[in-house]
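The values are calculated or read from the model by the stated rules, or taken from the named source; none is laboratory data. Note that the coordinates shown come from a computational prediction; the quantities given were computed from them, not determined experimentally. Methodologically, a virtual Cβ is constructed for each residue, glycine included, from the backbone with ideal geometry; neighbour enumeration extends over all protein chains shown.
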Amino acid sequence: MKIVVVGGVAAGASVAARARRLDEHAQIVVLERGHHVSFANCGLPYHVGEVITDRDRLLLQTPQSLRESLDIDVRIAQEVVSIDREARTVSVRDVDTGREYVEAYDALALCPGAQAVRPPLPGIDLPEVMVLRRIGDMDRIKSRLDAALAEHAAGTRGPVRAVVVGAGYIGLQMAENLHHRGVEVAVVEASDQILPPVDHEIAVPVENHLRARGVALHLSTAVAAFRAAAGGGVQVELTSATTLDADLVVLAVGVRPATDLAVAAGLEVGPHGGVVVDEHMRTSDPAIWAAGDVVETPHTVLPGSWLAPLAGPANRQARVAAENICGRSTVYRSTQGTSVVKVFDMVAGGTGATERQLRDLGLPYRAVHVHPSGHAGYYPGTAMMHLKLLVDPSDGRVLGGQASGFDGVDKRLDVLAMAVRGGLTAYDLEEAELAYAPPFGSAKDPVNMAGFVAANTLRGDLTLWYAQDVPAAVDGARLVDVRTPEEFAIWHLPGAENVPLATVREACADWDRAQPVRLYCAVGFRSYLAHRALVQRGFTDVATLSGGSTTYRAWHDVEAEGAQAQPAVVAYAEAHDVLAATRERLAVQDGTGTVVDLDCTGLACPGPIMRLAATVADLEPGDDVVVHVSDPGFAQDAPAWADAQGHRLVAMVPEGPGYRATIRKGGAPAATAAPARTGTSFVVFSGDLDKVLAAFIIANGALAMGQPVSMFFTFWGLNALRRPDAPARERSPMDRVLATMMPAGPDRLTLSQMHMAGAGTAMIKKVMKDHAVPSLPELVDAAVAGGAQLTACTMTMDLLGIATSDLREGVDLGGVATFLAAAERSGTTLFV
């Protein structure tokens with residue numbers, strides 16, 4: 001039997017190797033169009049970053065080694081250009097010489113993989129715009145990068161800048177490795193989150209980790225064009241009207257199956273564009289099999305067939321194809337999409353279905369969130385993880401799981417992957433007996449904890465409400481924060497009342513038992529205890545926030561909203577001098593020189609703040625505390641706590657999963673008058689022409705008097721910031737309806753009174769023009785030019801389906817905290 005394999009990387013090499021082990025007498029020919037076979041695709045970014053320094057370590061096999069070990073005829077630089085199914089031959093072209101020849105087969109295995117997507121954008125063919133799929137791509141990227149970095153080291157050029165387009169696994173691996181080489185990196189992603197294989201709240205902590213390491217993220221925006229820069233390099237124009245300068249662009253926007261050969265041969269192709277195969281990996285032609293990125297296979301949880309460009313499934317599919325080619329009857333059941341990625345110090349990944357997929361397909365599910373540590377908190381080196389479990393509400397079967405964190409994430413994903421594969425339930429996860437010792441886990445493993453919470457919801461012992469359901473979830477309800485007063489003072493949900501867990505039983509005595517109660521704490525455990533106490537006291541509508549404020553802050557990206565108010569975080573590669581700061585350096589500017597080192601690693605919120613407060617209480621004004629924390633949320637909590645207590649944040653730098661912060665104790669408040677508040681802040685709620693006009697007339701007047709102006713636009717007021725020429729983008733049906741109903745831009749606003757089907761509004765505009773009063777668009781432009789800060793409410797943007805690309809240039813994004821901070825500094829605050 002003669003077996004011809006098209007493609008010699010993951011799936012192709014595996015088909016050939018397995019076939020040889022089963023049939024020593026078969027003639028096996030592998031035709032690979034590239035110049036390398038069986039190389040480590042997943043290692044390519046790490047050689048660019050010089051984490052893997054030896055290039056040859058990526059070349060797992062060579063034609064010679066496969067000939068010597070397995071007697072396989074491997075031919076590189078050989079492109080199969082057509083298939084004659086009737087004659088059972090393939091036409092082959094030698095890439096280097098152009099020579100063509102015909103190769104016969106008894107069995108043909110199609111394993112051509114996938115091709116990188118190159119969108120048809122202006123400038124896409126510029127030499128600086130590259131993709132990373134093969135060894136040759138890696139060599140070209142690294143060569144250009146090495147040359148630019150050498151020039152920078154010699155002082156003949158400035159910093160090297162790179163733009164990575166796409167925030168999937170390859171994109172983020174490239175961003176990390178470019179940063180590792182000292183490159184200034186910006187990532188552009190059309191979606192509102194990074195990491196498409198996980199849900200929003202799992203991705204957001206990784207986004208904040210990237211920002212803390214100095215990587216710029218441009219989300220909800222896409223590339224509009226690439227332009228050659230006058231001084232060399234390339235300009236990347238975004239749909240958000242932003243332009244990024246780059247010396248190198250890496251496209252990582254996805255891949256598509258390389259099906260040209262299969263389509264030309266008349267093989268059946270599925271709804272997602274991949275080759276259709278049966279459970280034996282046989283195509284619609286009985287003599288042709290296919291495996292790897294080119295095929296569609298059933299999903300373990302979801303209906304239909306799916307593409308899954310992953311190395312693990314490709315190798316398993318190849319093994320099944322080879323066994324069936326060689327006469328066995330082996331079945332490939334499904335692909336569940338298990339994947340994981342390292343992003344600096346964080347790890348994230350998932351398995352099975354995501355909530356987004358289940359919701360879009362209308363499938364029933366329950367979601368739970370837990371935030372345990374990777375291993376026992378009292379053993380050094382752990383941190384809190386974000387773990388999400390999705391189960392079938394009818395029987396508790398595990399539908400999917402996701403996690404992001406710093407230690408132990410991969411092994412929890414592996415356990416959940418086996419649960420999905422084996423059809424296990426939340427009740428099985430409760431009983432799972434997993435390896436435990438303090439350096440590796442906890443007596444109640446994170447997987448057990450997720451099982452406990454899911455099983456409690458299925459049994460009716462716990463009712464959950466979810467961060468994404470705000471404000472509807474808390475409308476008309478008593479919103480109760482059961483954390484400590486210290487935690488509540490640092491941050492809490494708007495409208496919440498603080499009833500610490502220890503006081504809930506007494507405090508609820510005079511509450512209305514018929515009024516809905518919505519509880520939350522930091523991670524969901526204390527609010528669960530409060531939930532049980534209230535339910536057993538006759539409260540009929542009680543629910544606790546899934547994952548607590550930790551999940552809420554991730555879902556709504558509270559950290560990103562408050563980022564402008566936080567001190568600058570030094571990129572990790574540049575932070576070593578700060579981390580090794582001497583006592584003398586810390587003592588400048590009113591410091592005493594006394595430095596206390598405080599280790600709070602392994603402590604979850606509010607542990608670090610409580611330890612810090614106790615330590616600072618025993619110090620003298622001017623003394624410093626250098627605190628080590630593994631909780632990523634400390635980057636937001638520490639500045640808020642220090643400011644509230646009158647202390648000073650001297651430095652904040654990334655350290656492992658968390659941060660190292662230096663805080664100087666403040667003295668007693670000086671007996672002087674409080675600093676004068678200056679400027680004017682606005683909340684622009686209305687979308688009426690006359691009201692928005694009044695706001696901008698006042699704003700421009702205040703600017704003319706030298707006063708700072710801050711304007712926070714929410715709900716209908718956001719329409720004044722919309723672009724009438726916003727770029728086209730994909731919208732949900734509801735977003736399309738809202739976009740049609742709402743006016744796009746200041747020139748489309750109408751009067752609140754006397755609009756008269758447009759006649760009144762037109763008349764006012766004419767009167768303004770006759771009296772030389774600037775139009776509303778002109779007033780908006782003047783305010784921006786005068787330095788007014790215009791902030792769009794991100795929560796309202798989500799509710800109304802408004803994207804960043806829909807807004808005019810020069811608008812900041814923020815939340816309620818942004819407005820409150822501006823109002824605190826202002827002498828006058830107006831609500832329009």
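Observations, loosely collected:
- Selection from the range 143-166 of residues that are more than 16 Å from GLY214 (Cβ to Cβ) and crowded, with 19+ Cβ neighbours inside 10 Å: LEU145, ALA148, VAL165, GLY166
- Hey, PRO197 under 18 Å from the mean Cα position of the chain (by Cα), in contact (Cβ under 8 Å) with a residue 40 or more places away in the chain and either outside the structural domain of ASP631 (by TED's automatic domain parsing) or closer than 25 Å to ASN41 by Cα (or both) or not: yes
- For the range 646-678, a tally of residues being outside any strand (DSSP E or B) and modelled with pLDDT of 85 or more returns 4.
- MET734 vs. criteria farther than 30 Å from ALA614 by Cα and modelled with pLDDT of 85 or more: no
- The residue that is surrounded by the most Cβ atoms within 10 Å (Cβ to Cβ), counting only those in the range 50-99 that are assigned to a loop (DSSP other than H, G, I, E, B) and polar (S, T, N, Q), is GLN61.
- Matching entry among ASP106, ASP125, ASP84, ASP96 (being out of contact with any strand residue (DSSP E or B) (no Cβ under 7 Å at 6 or more places or on another chain), closer than 17 Å to ILE288 by Cα and modelled with pLDDT of 95 or more): ASP84
- The number of residues in the range 44-57 that are of a type outside the set (Lys, Arg) and over 16 Å from ARG181 (Cβ atoms) comes to 2.
- Out of ARG537, ARG553, ARG518, ARG532, sole residue that is closer than 20 Å to GLY815 by Cα and either surrounded by 15 or more Cβ atoms within 10 Å (Cβ to Cβ) or modelled with pLDDT of 95 or more (or both): ARG553
- When the residues of the range 218-249 are filtered to those that are among the polar types (S, T, N, Q) and under 18 Å from ALA167 (Cβ atoms), the one that is surrounded by the fewest Cβ atoms within 10 Å (Cβ to Cβ) is THR242.
- Considered as a group, the residues in the range 100-116 that are surrounded by fewer than 21 Cβ atoms within 10 Å (Cβ to Cβ) and small (Gly, Ala, Ser) include one that is nearest to ALA10 (Cα to Cα), and that residue is ALA114.
- Condition met for ALA314 (of a type outside the set (S, T, N, Q) and in contact with a helix residue (DSSP H, G or I) (Cβ under 7 Å, 6 or more places away or on another chain)): yes
- Count - residues of the range 124-142 that are loosely packed, with under 15 Cβ neighbours inside 10 Å and in contact with a Leu (Cβ under 6 Å, 6 or more places away or on another chain): 0
- The number of residues in the range 92-120 being in contact with a Lys or Arg (Cβ under 9 Å, 6 or more places away or on another chain) and hydrophobic (A, V, I, L, M, F, W, C) comes to 8.
- Selected residue (only one of LEU358, LEU399, LEU387 is of a type in the set (A, V, I, L, M, F, W, C), surrounded by fewer than 24 Cβ atoms within 10 Å (Cβ to Cβ) and not assigned by TED's automatic domain parsing to the domain that holds TYR520): LEU358
- Taken over the range 453-469, the criterion of being more than 30 Å from GLU431 (Cβ to Cβ) and either touching a residue at least 12 places away in the same chain (Cβ under 8 Å) or outside the structural domain of VAL542 (by TED's automatic domain parsing) (or both) is satisfied by GLN468 alone.
- Residue match in the range 431-439 (condition: buried (at least 21 other Cβ atoms within 10 Å of the Cβ) and not small (Gly, Ala, Ser)): no
- Flag: HIS369 matches the condition of being farther than 17 Å from GLN336 by Cα and crowded, with 24+ Cβ neighbours inside 10 Å.
- Residue ID - surrounded by the fewest Cβ atoms within 10 Å (Cβ to Cβ), chosen from residues in the range 295-311 that are touching a helix residue (DSSP H, G or I) at 6+ places or on another chain (Cβ under 8 Å) and touching a residue at least 60 places away in the same chain (Cβ under 8 Å): ALA311
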